[in-house]
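Right, one structure below, let's go through it.
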Amino acid sequence: MIVLPLAEDDQAVRLRELIRRRWCIHAGAVLVMAAVLALALATTAAGATPRLRYSTASNTIVQPQPAPGTCHSVGTGLYARPDPRCTPGALNPAVTQADIGRTICRAGWTATVRPPESITETEKRGSMSAYGDTRPIFDYEYDHFVPLELGGATNAPANLWPEPGASPNPKDEVENELNRAVCDHRISLAKAQEEIVANWVKLAQHGVPVGPKPSPAAAWCTASASWNSQYNDYDVYIHSNQPDQDATVTGAGRTASYYTNGSGYADVYFYATRSAAGDQINVQVGSARCSTTL
């Protein structure tokens, strides 16, 4: 007996066609995603700057270094750059755009966060071994790839490497110029960090891409004082157009200082007795001056 195949009804045919089309769409989407991923990997391999990570590596502990001979600098001599696999750069989480006036733009701040030589000397020898450097240790600077004055991590192996040559060197000039530009608000902190990691040699040869220095506005401030019975002192409230600046209050035979926030405001604790009420106090904040009475 011959068995003939049953004819599909219209509903079965439409269902089979719908399944086929959805499978094709899914397969096409997978291929597109694979192509995008491949392009992203190719872009990174071609030299795109990776996103910098933060590090809280301790300044009081010798940090482990890459294995000997595993790192290879890019270029040679004073214009060499670190191996991006070993030393991609890392950031200090204590430094942000909002507080540059209290950190990298404050004179002497980097000395307060720099790790001691008793720690870095051992690390430097390990880093030299990783990079295959065999010349005397003093022929190299243990360099912060993202410098401290641009918010670089203080003691992260990902941000330190044996830079050929002593300091000062061409990279130091680029670091100083970028720091001035950040503090003058001609370039953002993040952009400056990105630029120095991408290719500081190019910056040394062609200049730092920053905007013009903004015209300074006329400096002003206002001050008021209020007795604080809980702490037996005066709160001196300062409003100004001097963000991230030292604020010094003098009068009644005393002096007190603090600093303004990003909006130019400060509350200075002025330790004078209640009997000083009515005395005049003078305020110096940045380049502005004002006065009030206790």
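For region 250-257, state whether one or more residues are in contact (Cβ under 8 Å) with a residue 24 or more places away in the chain, in contact with a Lys or Arg (Cβ under 8 Å, 6 or more places away or on another chain) and farther than 23 Å from THR96 by Cβ.
As a first pass, look at region 250-257 and keep what is in contact (Cβ under 8 Å) with a residue 24 or more places away in the chain: 250-252.
Subsequent filtering for residues that are in contact with a Lys or Arg (Cβ under 8 Å, 6 or more places away or on another chain) retains none.
No, region 250-257 has no match at all.
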Task: Index of the failed condition, ARG85 passing every other in (1) surrounded by fewer than 17 Cβ atoms within 10 Å (Cβ to Cβ); (2) in a helix (DSSP H, G or I); (3) without any contact (Cβ under 8 Å) to a residue 40 or more places away in the chain - done: (2)
Open item on the list: If a residue must be surrounded by 14 or more Cβ atoms within 10 Å (Cβ to Cβ) and assigned to a loop (DSSP other than H, G, I, E, B), how many such residues does region 115-132 contain?
Closed with: 1
Open item on the list: Tell me the residue from GLY151, GLY165, GLY132 that is modelled with pLDDT under 95, at positive phi and out of contact with any Asp or Glu (no Cβ under 6 Å at 6 or more places or on another chain), please.
Closed with: GLY165
TODO: Can you run down the residue pairs with Cβ atoms below 6 Å, 6 or more apart or on separate chains, where the first is in region 53-71 and assigned by TED's automatic domain parsing to the domain that holds PRO93 and the partner is loosely packed, with under 14 Cβ neighbours inside 10 Å and not in a loop (DSSP other than H, G, I, E, B)?
DONE: VAL62/THR122
- [ ] Among residues belonging to region 190-217 that are within 25 Å of ASP99 (Cα to Cα) and either over 30 Å from the mean Cα position of the chain (by Cα) or basic (Lys, Arg) (or both), point out the one that is surrounded by the fewest Cβ atoms within 10 Å (Cβ to Cβ).
- [x] LYS213
- [ ] Taking only region 280-293 into account, find how many residues are without any contact (Cβ under 8 Å) to a residue 40 or more places away in the chain, surrounded by fewer than 16 Cβ atoms within 10 Å (Cβ to Cβ) and over 10 Å from ALA223 (Cβ atoms).
- [x] 1
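The values are calculated or read from the model by the stated rules, or taken from the named source; none is laboratory data. Quantities reported herein were computed from a predicted structural model and do not represent experimental measurements. We place every Cβ from the backbone using ideal geometry, glycine too, and count neighbours over all the protein chains shown.
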